[in-house]
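Peer 1: Have a look at the structure that comes next, please.
The values are calculated or read from the model by the stated rules, or taken from the named source; none is laboratory data. Just so it is clear, the structure is predicted and the values come from calculations on it, not from any experiment. Cβ placement follows ideal geometry from the backbone for every residue including glycine, while neighbour counts extend to all protein chains displayed.
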Amino acid sequence: MENPQLNQHGELRHLLSIEGLPAGIVRHILDTAESFVAVAEREVKKVPLLRGKAIFNLFFENSTRTRTTFEIAAKRLSADVVNLNIGASSQSKGETLLDTVDNLAAMQADMFIVRHGQSGASHLIARHVAPHIHVINAGDGRHAHPTQGLLDMFTIRRYKQDFTRLRVAIVGDVLHSRVARSEIHALNVLGVPEIRVIAPKTLLPAEVEQMGVHVYHDMIKGLKDVDAVIMLRLQNERMRGALLPSAHEYYKYYGFTKDKLAHAKPDAIVMHPGPMNRGIEIESGVADGGQSVILPQVTFGIAVRMAVMSILAGS
Amino acid sequence: MENPQLNQHGELRHLLSIEGLPAGIVRHILDTAESFVAVAEREVKKVPLLRGKAIFNLFFENSTRTRTTFEIAAKRLSADVVNLNIGASSQSKGETLLDTVDNLAAMQADMFIVRHGQSGASHLIARHVAPHIHVINAGDGRHAHPTQGLLDMFTIRRYKQDFTRLRVAIVGDVLHSRVARSEIHALNVLGVPEIRVIAPKTLLPAEVEQMGVHVYHDMIKGLKDVDAVIMLRLQNERMRGALLPSAHEYYKYYGFTKDKLAHAKPDAIVMHPGPMNRGIEIESGVADGGQSVILPQVTFGIAVRMAVMSILAGS
Amino acid sequence: MENPQLNQHGELRHLLSIEGLPAGIVRHILDTAESFVAVAEREVKKVPLLRGKAIFNLFFENSTRTRTTFEIAAKRLSADVVNLNIGASSQSKGETLLDTVDNLAAMQADMFIVRHGQSGASHLIARHVAPHIHVINAGDGRHAHPTQGLLDMFTIRRYKQDFTRLRVAIVGDVLHSRVARSEIHALNVLGVPEIRVIAPKTLLPAEVEQMGVHVYHDMIKGLKDVDAVIMLRLQNERMRGALLPSAHEYYKYYGFTKDKLAHAKPDAIVMHPGPMNRGIEIESGVADGGQSVILPQVTFGIAVRMAVMSILAGS
């Protein structure tokens, strides 16, 4: 089957999920992002690469944080950015998703950044648009959030260099997490030999071992000698549901405390996609501690998004 | 009576409605728009004509789509755009419309794009502001939506060249449509010899023939040998009201199907201002068919808005 | 105690309140603003001083008007502006204020413009951020709104030149007004010899005389021979509360009418921070009369905000 993310020359045309991306392209994104980290440290944090391009932040689901990172990345590339909170507009007037997209495309859009509550929405859009338009998935349902996955890989590479000697643990609500899915694909494609997921059974998908991960229900065993820990956000609505007994119980077993961190390697890094629930999935001592690279993740996230946008615009 | 849209040299000062615009000015806008169609096809879709100008999108009524088209047009002209959703702010603090406008004018606004639920709101603002400030009506109540009317004229001219030999039909809820009003004025001023409106009696204004149109209640007769069909959007709230028996009944008589289209000239073009209600006022086969120019309308809409803004700023 | 607004060289690092600002810095801001008034009158209203800087409008409390003035000021300085209405986003996801700030700082923010319902919020943020990040308080609870205070000083200086010979009256709800607090500090620091506050007892803070003001409950006596009158906005919610008998009663005693204005000096200027409640705290004849400088205040407000931003960015 044709890969909708690549053009006929095997170049990146859309970024929809890390699944299906060749390792070469993942590495090319990470390498390109290195140069943009330097741009952000300059006095004038702008490059003219996307001047005159029209980028639409098409958010069918509200996410100020993610929208802002793409908006900043696009502005640093000198693009014109239009923010559309679609939930509140045309959709309510009965227009179909693809009619909305066609309309914006007719305004000479060059790129769509799409956030949608339904898995597959950005694939649908990518398959529909004209060849010169590029789509970036900024999170679709439970499916994927590839730029988050990529910025996590960038962060791991910055601190650990060689992926092929690492043990990485992902902790928390893997079942509902598009971030976890993107990370597992990315770690696999980059050759990480041991990927662990740590969670209660109720927060793991049925087929999770088939994704190439080792399952742990005991956090202390799961963290043993790992090089990197990726915490997942526990969504409030899960805590009141049938899947978890209580926030208190969860924290006791899966809350990331300094005691538990002591079981990882002494130089292990701590990651979290944010926003954090302090005292629910992570202790402040860990979140703000010397091993935390949570804020560098945010900084690298801008550089990775600039890299993806500039690679797409150049293809 | 003085025409508030023109300055003492007869140049365009505000665009409030097509009614009252001399044919020469309408043609000048359409001619200017031609050059901006080319800009949108360039690699860098920007011209510096309005650099350093402050344009305010003053939307008292929410319309993401219309606001976006003006925002893109202004950014392509290199203006600084500020989006104000006024419904949610000062108005609720008891400030009058003209105090809000005075305040924004004191921030050295150069242009206001005004959308308001009440007919005449942009006239009121245009009459109030200082001579160097320009106002564009982006839709006021049931009164007018002149840039929509102009982009439709641009579209017709692109496909049919000579207005003076055309038969044009406008179909649907003329009664509640500011778009229809603007179109009828535009078609008249450009010399279209036969303008038809097709609608049930309950969706036509009482005095409609006095606007220079022929009324048809039978869509098949009304479409006979026309060169262009302009569909109107049927607002959901009408369908549940006293004016229409049911959406199903409406579709049977006034829904635009391929069968009905067959009665128009073989090269007739199909237009719709969007957003479309597929299966309510228009069949997908027509909307997406070879005679549809609905998406080019959107593209031309940006060029027409760039033309209006640049002409106003230059006057 | 260290002054969090100044760096070790005594330069402005943050603008949090006028209280604690040396007179030299206040005058430097006003002088710098003079040059920006000229920029706003140019054909191209832009200077490249903040090109490539990222300025975040961090509004935890909605205020379209104030946000717009900062957005325009930043755009005229060529900065990239990101508007964040935080009330509606991460905060609702359980993230703490400082985590939100840390995240935005990690996106390489250069400046935060902060509006918050709680007094002290911008101080908290200023104390927390890295040394290269600057914070401007755009209104925090009942505490301060320093750029409003500064623009009022700029306006007084423009019309009255020498502060050391003036009598200035502030009229209205001083108790709930952060603007009044900022103005009293500013007038004191600039050497105004006689500052009056005019209000019913219920709308005055207990310790108000200790701020260096003379209290009047009778508006006619209070306005006698003043050079400038600063009206305060009467918030609707006060009028229904226990603090005021009725809007009608209030207007009778404290509404600013032409009759009352006649008791001030013949060349006294009339100021109001907006939005005005016409017929509640001010008569239209006064608001729109020849002594009103309410709209010039708005114009000068942009210049003053440009001055503060450029001074901060240069420090």
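Peer 1: Looking at (1) small (Gly, Ala, Ser); (2) buried (at least 19 other Cβ atoms within 10 Å of the Cβ); (3) within 14 Å of chain B (Cβ to nearest Cβ), which one does A:Ser122 not meet, given that it meets all the others?
Peer 2: (3)
Listed here are the residues, each with its yes/no results for (1) of a type in the set (Asp, Glu); (2) assigned by TED's automatic domain parsing to the domain that holds C:Phe56; (3) modelled with pLDDT under 95; (4) within 23 Å of C:Pro22 (Cβ to Cβ).
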position	(1), (2), (3), (4)
C:Val168	no, no, no, yes
C:Asp173	yes, no, yes, no
C:Arg181	no, no, yes, yes
C:Ala186	no, no, no, yes
C:Ile198	no, no, no, no
C:His217	no, no, no, no
C:Gly222	no, no, no, no
C:Val229	no, no, no, no
C:Arg233	no, no, yes, no
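Peer 1: Now for a separate question. Which residues, taken from the range C:36-61, are away from chain B (no Cβ under 11 Å) and without any contact (Cβ under 8 Å) to a residue 24 or more places away in the chain?
Peer 2: C:Ala38
Peer 1: If I filter the range B:14-35 for residues that are of a type in the set (S, T, N, Q) and within 10 Å of another protein chain (Cβ to nearest Cβ), do I get at least one hit?
Peer 2: Here is the first cut: in the range B:14-35, the residues of a type in the set (S, T, N, Q) are B:17, B:32, B:35.
From the residues that got through so far, the ones that are within 10 Å of another protein chain (Cβ to nearest Cβ) too are none.
Checked the range B:14-35: no residue is of a type in the set (S, T, N, Q) and within 10 Å of another protein chain (Cβ to nearest Cβ).
Peer 1: Within the range A:303-315, track down each residue that is more than 14 Å from chain C (Cβ to nearest Cβ) and under 15 Å from A:Thr155 (Cβ atoms).
Peer 2: Start the filter on the range A:303-315 by keeping residues that are more than 14 Å from chain C (Cβ to nearest Cβ), which leaves A:307-315.
Selection gives A:Ala307 alone.
Peer 1: Related question: Here are the criteria: (1) under 17 Å from the mean Cα position of the chain (by Cα); (2) in a helix (DSSP H, G or I); (3) within 19 Å of A:Glu283 (Cα to Cα). Tell me which single one A:His248 does not satisfy.
Peer 2: Only one criterion is unmet by A:His248, namely (1).
Peer 1: Listed residues C:Leu21, C:Leu84; which is under 18 Å from C:Ile136 (Cα atoms) and more than 20 Å from the chain's Cα centre (by Cα)?
Peer 2: Working: C:Leu21 fails: more than 20 Å from the chain's Cα centre (by Cα).
When all the criteria are applied, what remains is C:Leu84.
Peer 1: Go through the range C:288-302 and give me each residue that's touching a residue at least 24 places away in the same chain (Cβ under 8 Å) and facing chain B (nearest Cβ under 10 Å). Don't jump to the end; show me each part of the working.
Peer 2: Here is the first cut: in the range C:288-302, the ones touching a residue at least 24 places away in the same chain (Cβ under 8 Å) are C:289, C:291, C:293-294, C:296-302.
The answer is C:Ile294, C:Pro296, C:Gln297, C:Val298, C:Thr299, C:Phe300, C:Gly301, C:Ile302.
Peer 1: Restricting the range C:252-287 to residues that are aliphatic (A, V, I, L, M) and assigned to a helix (DSSP H, G or I), which is farthest from the other protein chains (Cβ to nearest Cβ)? Break it down into steps so the answer makes sense when it comes.
Peer 2: Going through the range C:252-287, the residues aliphatic (A, V, I, L, M) turn out to be C:261-262, C:264, C:268-271, C:276, C:280, C:282, C:286-287.
Now drop any that are not assigned to a helix (DSSP H, G or I), which leaves C:261, C:286-287.
Values: C:Leu261: 19, C:Val286: 14, C:Ala287: 8 Å.
Here the residue is C:Leu261.
Peer 1: What number of residues in the range C:128-138 are surrounded by 14 or more Cβ atoms within 10 Å (Cβ to Cβ) and either outside any strand (DSSP E or B) or without any contact (Cβ under 8 Å) to a residue 24 or more places away in the chain (or both)? Reasoning before the result, please.
Peer 2: Let us first name the residues in the range C:128-138 that are surrounded by 14 or more Cβ atoms within 10 Å (Cβ to Cβ), namely C:128-129, C:133-138.
Within this subset, residues satisfying the condition of being either outside any strand (DSSP E or B) or without any contact (Cβ under 8 Å) to a residue 24 or more places away in the chain (or both) are C:128-129, C:133.
Counting residues in the range C:128-138 that are surrounded by 14 or more Cβ atoms within 10 Å (Cβ to Cβ) and either outside any strand (DSSP E or B) or without any contact (Cβ under 8 Å) to a residue 24 or more places away in the chain (or both) gives 3.
Peer 1: Is it true that B:Ile72 is in contact (Cβ under 8 Å) with a residue 40 or more places away in the chain, closer than 20 Å to A:Met107 by Cβ, of a type in the set (Val, Ile, Thr) and more than 11 Å from every other protein chain (Cβ to nearest Cβ)? Give the steps one after another, and end with the answer.
Peer 2: Working: in contact (Cβ under 8 Å) with a residue 40 or more places away in the chain: yes; closer than 20 Å to A:Met107 by Cβ: yes; of a type in the set (Val, Ile, Thr): yes; more than 11 Å from every other protein chain (Cβ to nearest Cβ): no.
No.
Peer 1: A follow-up question, please. Tell me which residues, restricted to the range C:180-210, are part of a helix (DSSP H, G or I) and within 17 Å of C:Ile29 (Cβ to Cβ).
Peer 2: Initial filter on the range C:180-210 (part of a helix (DSSP H, G or I)): C:180-189, C:201-203, C:208-210.
C:Ser182, C:Glu183, C:His185, C:Ala186, C:Leu187, C:Asn188, C:Val189 - these are the residues of the range C:180-210 that are part of a helix (DSSP H, G or I) and within 17 Å of C:Ile29 (Cβ to Cβ).
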